[in-house]
Amino acid sequence: MLLVPGLGNSGPEHWQSLWEARDGYLRVQQRDWEHPACSEWIGSLDRAVRAAAADVLIAAHSLGTLLVTQWLARTKIRIGGALLVAVPDPGAPGFPPQARGFAPIARVRLDSPSLVVASTDDPYGDLPFVQQCAESWGSRLINIGAAGHINAASGLGEWTEGHRLLESLRSTASPAHSLPE
């Protein structure tokens, strides 16, 4: 399992950090969490996936979802699946200006199974935008109701339901192709 945080990384109370501590999942590391460069972040993700098993599952949050979908749109590598949580809208007024390099959104059908998890009151990506993304990616959309940005401030703790969703990708994914050299 690979965890792909967004801008600023995920703090100690974020579900990604709790999963990392509890289950030993690996976090994709970035050189600069506060000033993301899309191409640099894609390189870090690519190296992490290549170092993992061919059927790796990814749990991405916020800007990490845009990173994962940009990478999946460009690579021939097929992963076991991606849980894409709290997809932000780079065109929204509240989108952090230092992360603008992640636009435009990759609007292609992904070659790996994916679930998009959305909240009805996410300040960074409204439900109609997230629905459009899920549809263009060929992802199943899961609306969890009013849960803010689905982060530590949402009070989810270890977010057991999210972990179940991630595990569900393992059972629905077809065997992944081997990683190219």
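The values are calculated or read from the model by the stated rules, or taken from the named source; none is laboratory data. Just so it is clear, the structure is predicted and the values come from calculations on it, not from any experiment. Cβ atoms come from the backbone with ideal geometry, glycine included; neighbour counts cover every protein chain shown. Each accessible area value is taken on the protein alone, full model and side chains, heavy atoms only, with ligands, DNA and RNA left out. Shrake-Rupley method; radii C 1.70, N 1.55, O 1.52, S 1.80 Å.
About its Cα centre, how strong a charge dipole does the chain have in debye, to the nearest 20, once Lys and Arg get +1 and Asp and Glu get -1 at the Cβ?
Computed about the Cα centre, the dipole is about 540 debye.
For the peptides 152-160, 84-92, what is the packing order when you average, over each peptide's residues, the other Cβ atoms within 10 Å and list the highest mean first?
Packing order, densest peptide first, comes out as 84-92, 152-160.
Roughly what percent of Cα-Cα pairs across the stretch 101-146 reach past 16 Å? Each step should come with its number before you reach the end.
On the way: 389 of 1035 pairs.
Percent of Cα pairs beyond 16 Å in the stretch 101-146: 38.
Report the gain in length on full extension from residue 34 to residue 53: 0.36 nm times residue separation, minus Cα-Cα distance, nm rounded to one decimal.
4.0 nm
With a 1.4 Å probe and every protein chain kept in, tell me what percent of the accessible surface of the stretch 1-50 is carbon plus sulfur.
52 percent
How much accessible area per residue does the stretch 1-144 have, in Å², with a 1.4 Å probe?
41 Å²
What percent does the relative contact order of the stretch 27-81 come to when contacts are Cα pairs within less than 8 Å and at least six residues apart?
Rounded, it is 39 percent for the stretch 27-81.
Given the chain reduced to its alpha-carbon atoms as identical point scatterers, what log10 I(q)/I(0) does the Debye formula return at q = 0.08, 0.09 Å⁻¹?
Debye intensities relative to I(0), on a log10 scale: -0.21, -0.26.
Quick one: compute the contact order of the chain, relative version, from alpha carbon pairs under 8 angstrom and 6+ residues apart, as a percent. Please report the intermediate quantities before stating the final value.
Numbers: 354 pairs, mean separation 44.1, N = 181.
Normalised by residue count, the contact order of the chain is 24 percent.
Taking the C-alpha atoms of the stretch 123-163, how large are the radius of gyration and the largest Cα-Cα span, Dmax, in Å?
Radius of gyration, then largest Cα-Cα span, for the stretch 123-163: 11.4, 30 Å.
Could you give the longest part of the chain that holds none of the trypsin sites (Lys or Arg not before Pro) found in DSSP loops with at most 14 neighbouring Cβ atoms within 10 Å?
Within the chain, the longest run free of exposed trypsin sites (Lys or Arg not before Pro) spans 110-181.
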